[in-house]
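Notes to accompany the following structure.
The values are calculated or read from the model by the stated rules, or taken from the named source; none is laboratory data. Since the structure is predicted, the reported quantities are computational estimates derived from the model, not experimental observations. Cβ placement follows ideal geometry from the backbone for every residue including glycine, while neighbour counts extend to all protein chains displayed. Each accessible area value is taken on the protein alone, full model and side chains, heavy atoms only, with ligands, DNA and RNA left out. Shrake-Rupley method; radii C 1.70, N 1.55, O 1.52, S 1.80 Å.
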Amino acid sequence: MRRLPRAALLPLQLVLFVAAGTPGAPVSAPRSLVWGPGLRAGVVLPVRYFYLQAVSPEGHNLTRSPPGQTLFKVVIKSLSPKEIVRIHVPKPLDRNDGTFLMRYRMYETVNEGLKIEVLYGNEHVAQSPYILKGPVYHEYCECPEDDAQAWQRTLSCPTEEPQIAKDFASFPSINLQQMLNEIPKRFGEERGAVVHYTILSNHVYRRPLGKYTDFKMFSDEILLSLARKVLLPDVEFYVNLGDWPLEHRKVNETPGPLPIISWCGSLDSRDIILPTYDITHSTLEALRGVTNDLLSIQGHTGPSWINKTEKAFFRGRDSREERLQLVQLSRENPQLLDAGITGYFFFQEKEKELGKAKLIGFFDFFKYKYQVNVDGTVAAYRYPYLMLGDSLVLKQDSPYYEHFYMALKPWKHYVPIKRNLSDLLEKVEWAKEHDEEAKKIAKEGQLTARDLLQPHRLYCYYYRVLEKYAERQTSKPEIRDGMELVSQPEDSSSVCRCHGRRPLREEL
């Protein structure tokens, strides 16, 4: 697994970062608000994070970045001067609406705990300082919480996930023997992309079925990360690593559908959906191997609404014919739409006719006021990132969905467009003529996405799916022939001692 160069991780007992703020309207430190999972020791995440809402002396929440030279800063110290802490803290993310997002990645466990001071000038903000009583574990510390219910309460996991309830409604019971007999034959032949997993005693075992299973690295890494944090139920299941959902049998058919787990669902399939490999991997590698993740996007949403280019925008591969239509519409209506194909694979013969657009950084998408979301081979995995921006999303009607789509409503969180794009230009014109309403929809979508797509909620979702799956199994999971142990990554550079348990790695 990739690691940040050691030169970038100097031993720190004290970490200081300064928020980009500015002079003008004053900020009240005591009245400002600080909250979030990064202020709770028990919420172990690859990157811990919390939020700050700037508030005026009159008690009003600021709705844009504080003007002028206003400076927020955060100081993080180990409670014990004897503990040397390696920790990476980037500059805070200004979300351009009066709030800031603070992040830090720990590379070692702190036994005594952390002291987090949030300051405005020399004045403490809200309830600062915040004390995180130790131990405060880092991401690769294998110290799972035995009490899964307590772990879920600590993370403030939702009590219900509508998509999970819908997915499992087709499976009141799960027959492992039927799956063992059918899935390898139906989906695991030469062109298959399925992995058979068993989790026993919090260890992960697997065997690939089929030729195209390289993406197992993504399912491996999130399962291992989850197992380091909480004791998982004993469970046996199959993960589809391909783009398309697999199980199209209807509930009333004989034999009935099989509960295969996929990253994308569709209206005509029965697969059980998990958060995509894209958003889980970016969460695991945030502040290290990736730059575009569910947190970083929130501080790179481009100019303010009034200063965005008043056009719809699209860049992407040629993975669906409607994307080619976008380019043609853009040529005919350049005042409304800027669309281009950045890579040809499916329709290579069209490159000469339509041209190839230059690649553009994803953060630069938000220079445009309207974002067009069109399916790729299945659901476009850029959609969560678009929703976290502050542009209005124009979403193509689609039979495909990800784990969070059920919570988003047309005309409240995004503007729908027809499958064949026949009303796209009309919707862009509507948005231009109803600017305040368009802005309101964009903001409502962004706020809802910020809530739904918090990294800790991905862990909640994964655990809940495994829990529901285990509850329905009619026999005990087993380590099957051909399975191998998926080992936890080595982290010999730091000592991890589990509180109240035998240390997993002995000090040298």
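Annotations
- Cβ-based net charge around LYS412, under 13 Å, with every Lys or Arg adding one and every Asp or Glu removing one: +2
- Taking a Cβ cut-off of under 9 Å around VAL89, the surrounding Lys, Arg, Asp and Glu residues balance to a net charge of +3, with basic ones at +1 and acidic ones at -1.
- Separation between Cα centres of the stretch 255-272 and the stretch 391-454, rounded to whole Å: 26 Å
- Span from the the stretch 121-160 Cα centroid across to the the stretch 166-237 one, whole angstrom: 29 Å
- Remark: the stretch 300-455 carries a charge dipole of roughly 320 debye about the Cα centre, counting +1 on each Lys and Arg Cβ and -1 on each Asp and Glu Cβ.
- Cross-link pairs beyond the 25 Å C-alpha cut-off, checked among LYS166/LYS229; LYS82/LYS133; LYS211/LYS356: LYS166/LYS229; LYS211/LYS356
- Computed over protein heavy atoms with a 1.4 Å probe, the accessible surface of the stretch 210-355 works out to 39 Å² per residue.
- Sparsely packed trypsin sites (Lys or Arg not before Pro) within the stretch 72-132, loop by DSSP, other Cβ within 10 Å at most 15: LYS82
- When you filter the GluC sites (Glu not before Pro) in the stretch 140-233 for DSSP loop state and at most 10 other Cβ atoms inside 10 Å of their Cβ, you are left with GLU160, GLU190.
- Listed residue (GLN454, THR474, VAL495) projecting farthest to the positive dipole end of the stretch 424-503, Cβ model: VAL495
- When you restrict to C-alpha pairs under 8 Å that are six or more residues apart and normalise by the size of the stretch 343-410, the relative contact order lands at 28 percent.
- Free-standing Cys residues across the chain, given no other cysteine C-beta under 4.7 angstrom: CYS264
- Based on DSSP H segments of at least four residues, each scored -39500 (n - 2.57), the chain has a per-residue ellipticity at 222 nm of -7000 deg cm²/dmol.
- For PHE345, the shell of other residues with beta-carbons less than 9 Å away shows a net charge of 0, using +1 for Lys and Arg and -1 for Asp and Glu.
- For the stretch 52-130, averaging the sequence separation of C-alpha pairs within contact (under 8 Å, six or more residues apart) and dividing by the residue count gives a relative contact order of 34 percent.
- Loop chymotrypsin sites (Phe, Trp or Tyr not before Pro), the stretch 164-211 (other Cβ atoms within 10 Å of the site Cβ: 15 or fewer; DSSP): none
- Kirkwood Rh and Cα Rg combined as Rg over Rh, evaluated for the chain: 0.98
- Think of a 1.4 Å ball rolled over the protein heavy atoms: the stretch 36-130 then has 38 Å² of accessible area per residue.
- Length-normalised contact order of the chain in % [C-alpha pairs under 8 Å, at least 6 apart]: 15 percent
- Charges were assigned to the Cβ only: +1 to each Lys and Arg, -1 to each Asp and Glu. The resulting dipole of the stretch 324-398 about its Cα centre is roughly 160 debye.
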